[in-house]
1. Has the range 62-82 got any residue that is more than 10 Å from the ligand (Cβ to nearest atom), farther than 20 Å from GLY132 by Cα, among the small types (Gly, Ala, Ser) and surrounded by fewer than 16 Cβ atoms within 10 Å (Cβ to Cβ)?
2. Among all residue pairs at least 6 apart or on different chains, which show Cβ distances below 8 Å where the first residue, located in the range 110-134, is part of a strand (DSSP E or B) and the second is among the small types (Gly, Ala, Ser)?
3. Just the residues that are part of a loop (DSSP other than H, G, I, E, B) and exposed (fewer than 14 other Cβ atoms within 10 Å of the Cβ), please, taken from the range 249-278.
4. Residues in the range 23-37 that are within 15 Å of the ligand (Cβ to nearest atom) and either closer than 15 Å to HIS81 by Cα or in contact (Cβ under 8 Å) with a residue 40 or more places away in the chain (or both): how many?
5. Name every residue in the range 187-224 that is more than 16 Å from GLY90 (Cα to Cα), part of a loop (DSSP other than H, G, I, E, B), of a type in the set (A, V, I, L, M, F, W, C) and within 15 Å of the ligand (Cβ to nearest atom), in order of residue number.
6. Would you confirm whether any residue within the range 146-157 is closer than 24 Å to ASP258 by Cβ and in contact (Cβ under 8 Å) with a residue 40 or more places away in the chain?
7. Between VAL17, VAL42, which is within 9 Å of the ligand (Cβ to nearest atom), crowded, with 23+ Cβ neighbours inside 10 Å and either among the aromatic types (Phe, Trp, Tyr) or farther than 18 Å from ASP83 by Cβ (or both)?
8. Which residues, taken from the range 130-167, are within 16 Å of the ligand (Cβ to nearest atom) and of a type in the set (D, E, K, R)?
Amino acid sequence: MSKIILITGATDGIGKVTARELAALGHHVIIHGRNQQKAERVVNEIKTATGNQHVNYLIADLFSMKAIKHLVTNFNAKYDHLDVLINNAGAVLDAKRFETEDGIEGTMALNVMAPLLLSELLLPKLRLSNDGRIINMSSATHRMAHPDMQDLNLSRVASGQTRYAISKLFVIWNTQHFAARLQQAGITNVSVNVSHPGMATTNFGQDSNNGFFNNLVYKVALFIGKTLHVATPEQGAVTNVYLATSDAVKGVSGKFFDNKKHQVKPATGEYTPAKELALWNYCMEKIQPWIDEN
Ligand SMILES: NC(=O)c1ccc[n+]([C@@H]2O[C@H](COP(=O)([O-])OP(=O)(O)OC[C@H]3O[C@@H](n4cnc5c(N)ncnc54)[C@H](OP(=O)(O)O)[C@@H]3O)[C@@H](O)[C@H]2O)c1
């Protein structure tokens, strides 16, 4: 059965391939982008490649909660329900820290707050699905994260890559918490899981500035990956497509899946339920004004 699927960051990389493959399976795919021309181009590419004309786009800069809210308003005006939300957009940002218009460190805003706000705002539409699914994207780098819970706006973290690793650990904790909240509320028709795409040769990290050596590592990794045809975006999209469509994971929630579709354990070295709750409360406090406006 055809599903309505919204994928963030689907104008490039893993998100774009995920969108194309889900469209090829006959689903109604809504790609999210931040650049209208690029989004229009990708919609046309996917329509041509798959023959599926049910491909649309929505625009939002995910650094901005106001823009996220606007995206959801536009979605709600056009679609009566949502079957799958894939919170794919994410990035490693520059070493130089910046804060968004909402006063949130950029990596936290894009990788942690945006997925959570979208999930909260779109939950009513997901609840109208027989089998609503949320998929959040993490990374192997979460295993290297050692967050300071007194510094959740990452003001004392000097490296873009360290902020990225922390944000991807936080995605896992928020996913677990979201799943538990759904269960407590008796919501059985919406699940939320984490997808880890593995390394994929995309534009990921190519534009970030984390010093000469780190910048070079991203460029060399991309060159080698593309030359040897390994770690393709297609391989990176496998678990997303699986989590969005497979009956095998219907009702499974709060779990972490690797790039081979296997449910595995994320790193637990930093984990405590109290830290998970502290993170959740911090994030909810930041996004609450945009939820209350509903
Ligand atoms: N590639 C890997 O090896 C790897 C490994 C582990 C995890 N991941 C995760 O997988 C996900 C996809 O990564 P990717 O490799 O496909 O990255 P990518 O090729 O750089 O694509 C990222 C997508 O996110 C969008 N995006 C970035 N910042 C945005 C913003 N502020 N507002 C709206 N959209 C924004 C980009 O839009 P534009 O097209 O406008 O740039 C693009 O569509 C990310 O969450 C990443 O952390 C990737």
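1. No; the residues of the range 62-82 include none that is more than 10 Å from the ligand (Cβ to nearest atom), farther than 20 Å from GLY132 by Cα, among the small types (Gly, Ala, Ser) and surrounded by fewer than 16 Cβ atoms within 10 Å (Cβ to Cβ).
2. Correct list of pairs: GLY132/SER191; ARG133/SER191; ARG133/ALA244; ILE134/SER119; ILE134/SER191.
3. The answer is LYS250, GLY251, LYS260, HIS262, LYS265, THR268, GLY269, THR272.
4. Residues of the range 23-37 that are within 15 Å of the ligand (Cβ to nearest atom), as a first pass: 29-37.
Then keep just the ones that are either closer than 15 Å to HIS81 by Cα or in contact (Cβ under 8 Å) with a residue 40 or more places away in the chain (or both); that gives 29-30, 32.
Count: 3.
5. Matches in the range 187-224: none.
6. The initial filter retains those residues of the range 146-157 that are closer than 24 Å to ASP258 by Cβ, namely 146-147.
Next cut, in contact (Cβ under 8 Å) with a residue 40 or more places away in the chain only: 146-147.
Yes, because at least one residue in the range 146-157 is closer than 24 Å to ASP258 by Cβ and in contact (Cβ under 8 Å) with a residue 40 or more places away in the chain.
7. Working: VAL42 fails: crowded, with 23+ Cβ neighbours inside 10 Å.
Testing whether each residue is within 9 Å of the ligand (Cβ to nearest atom), crowded, with 23+ Cβ neighbours inside 10 Å and either among the aromatic types (Phe, Trp, Tyr) or farther than 18 Å from ASP83 by Cβ (or both) leaves just VAL17.
8. ARG143, ARG163
Computed from the coordinates by the stated procedures, all read-outs in this text should not be read as laboratory data. Predicted, not measured: the structure shown is a model, and the values here were computed from it. No Cβ is skipped: glycine too gets one built from the backbone with ideal geometry, and neighbour counts run over all protein chains shown.
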